[in-house]
Amino acid sequence: MENAELVRNSVGIKDLIKYKSFMIKLIAYSISRFGDSIDAIAYAWMVYELTGSKLLMGTLFAVNAVPNIVLSPFAGAFADRHSKKKIIITGNFLRGIVVSATAILFYYNLLRPWHLFVFTALNSTFESFINPANSVLNASLVPKELYLTANSFSSSANTFSELIGLALAGAIISIFKISGAILIDGMTFFIACILLSFMKYTENIEKMKYSNIKSYYNDLLEGLNFVKKSSFIFIIILMAAAVNFFVTPINVLEAAFVKDVLRGDAKLMSYLGVGLMTGAIIGGVVVGQIGSKFNKKKLVINGLIFFGINYCLLSLPGNLINGAVSSVIVAAILYFMMGFVLPMINAPINSYVMLNTPKELLGRVSSVMGMFCMCMTPLGSAAAGAVSERVSISVMFFISGIMIILLSIFVSMNKNFKNS
């Protein structure tokens, strides 16, 4: 077993290499993210080509969020009481089956809209159990001194894999078609499961001996009470829920934005993703190397404001910027800048929670955060799909960006946030 030994005050990415189980998990998730990035392009394009409905895309995105909201609190308690390794491997194996089934049905022209809803709900259900287990696992694989570095490096490594996947997505879809691209994603889940089986780490076995409905309920209350007592975590949850609402338009309508505004295809969608992921990789490396020198709260607020500004500017392509080539270039640059600030937002929050939450509560606290952060996603998704039928995508992007900026300023002025 690996010991979480003390490390010197000045830490960096090189300090993570000796933690073998962390590196195994990093490689496994990087492979899975590679497949997910290909699937993200293929799946979104498949849905839009299959239905031609932005409203249906918004509804599917909303359906994807519902299981996370309903199951997250219980999934967190489940993760605290059971083997995180088994939860993650089982969940990824089941996701691989669902994704592969989608590819096979589409290949034989048997895929119907109702299949999309069922498969989306199933995948989201499995993710609800995987995510809290994954959050807890990192805290068991590296010492506290490396939490920020581990989170930032994980973000960069996963994003790098997504970058490769997005860069190759257009070519893969051209060669293997949409069904083949989605099947590749399914295979990456199975490969990840094999690698994850080699992880070795120490778990709290005593808490896993007995579980029942009452114990899960008590665990849930314990997680909720901890969140209520932590003013910083509570404010972050409320802020994240609101931000998620305003971010959903770009998630739901990206395929429509590329096709209808930029007049592009799946390849262009993958290129924009490359821009986003390249920014996230560079941002993750920067935060991992020098992020510990800065105030975490300032990193989060400044990152959100900068993200909102670039989100607003996405309204320029197709409007003030009309040229086809110039519109694509501007959009790619803005995607890059938004990606760059994502680690500034996510890594400090994750590190703060890991540092200030007892390990035996991490699963519950993580799932409670996930539940509340996701609670606005179905509303945002449904609203984005419905409003986009009447308001242009560019206008929606501009308004959403403004709201994120105003929200960030408001939170930065909150006394509880500043004093926490």
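The values are calculated or read from the model by the stated rules, or taken from the named source; none is laboratory data. What you are looking at is a predicted structure, and each value in this text was computed from that prediction instead of being measured. So basically every Cβ, Gly included, is an ideal-geometry build from the backbone, and we count neighbours across all protein chains shown.
Here is a check on your reading of the model: is residue 367 small (Gly, Ala, Ser) and part of a loop (DSSP other than H, G, I, E, B)?
Taking the combined requirement at face value, the residue does not satisfy it.
Could we say that residue 125 is at pLDDT 90 or above, under 18 Å from the mean Cα position of the chain (by Cα) and in a helix (DSSP H, G or I) here?
Yes.
I'd like the residue in region 163-205 that is part of a loop (DSSP other than H, G, I, E, B) and of a type outside the set (Gly, Ala, Ser) and, out of all such residues, is nearest to the chain's Cα centre (by Cα).
Result: 199.
Go through (1) surrounded by 22 or more Cβ atoms within 10 Å (Cβ to Cβ); (2) of a type in the set (S, T, N, Q); (3) in contact with a Leu (Cβ under 7 Å, 6 or more places away or on another chain) for residue 248 and report which single condition fails.
Condition (3) is where residue 248 drops out.
Identify the residue in region 78-122 that is within 26 Å of residue 55 (Cβ to Cβ) and not hydrophobic (A, V, I, L, M, F, W, C) and, among all such residues, is modelled with the highest pLDDT.
102
Look through region 320-367, keep the residues that are β-branched (Val, Ile, Thr) and in contact (Cβ under 8 Å) with a residue 40 or more places away in the chain, and return whichever of them is nearest to residue 220 (Cα to Cα).
365
Can you name every residue in region 370-391 that is touching a residue at least 24 places away in the same chain (Cβ under 8 Å), over 22 Å from the mean Cα position of the chain (by Cα) and in a loop (DSSP other than H, G, I, E, B)?
Selection gives 388, 389.
For residue 57, all conditions in the list (1) modelled with pLDDT of 75 or more; (2) under 15 Å from residue 385 (Cα atoms); (3) buried (at least 23 other Cβ atoms within 10 Å of the Cβ) hold save one; what is the number of the exception?
So residue 57 meets the others, but not (1).
Can you tell me which residues in region 223-245 are assigned to a helix (DSSP H, G or I) and more than 19 Å from residue 413 (Cβ to Cβ)?
223, 224, 225, 226, 227, 228, 229, 244, 245
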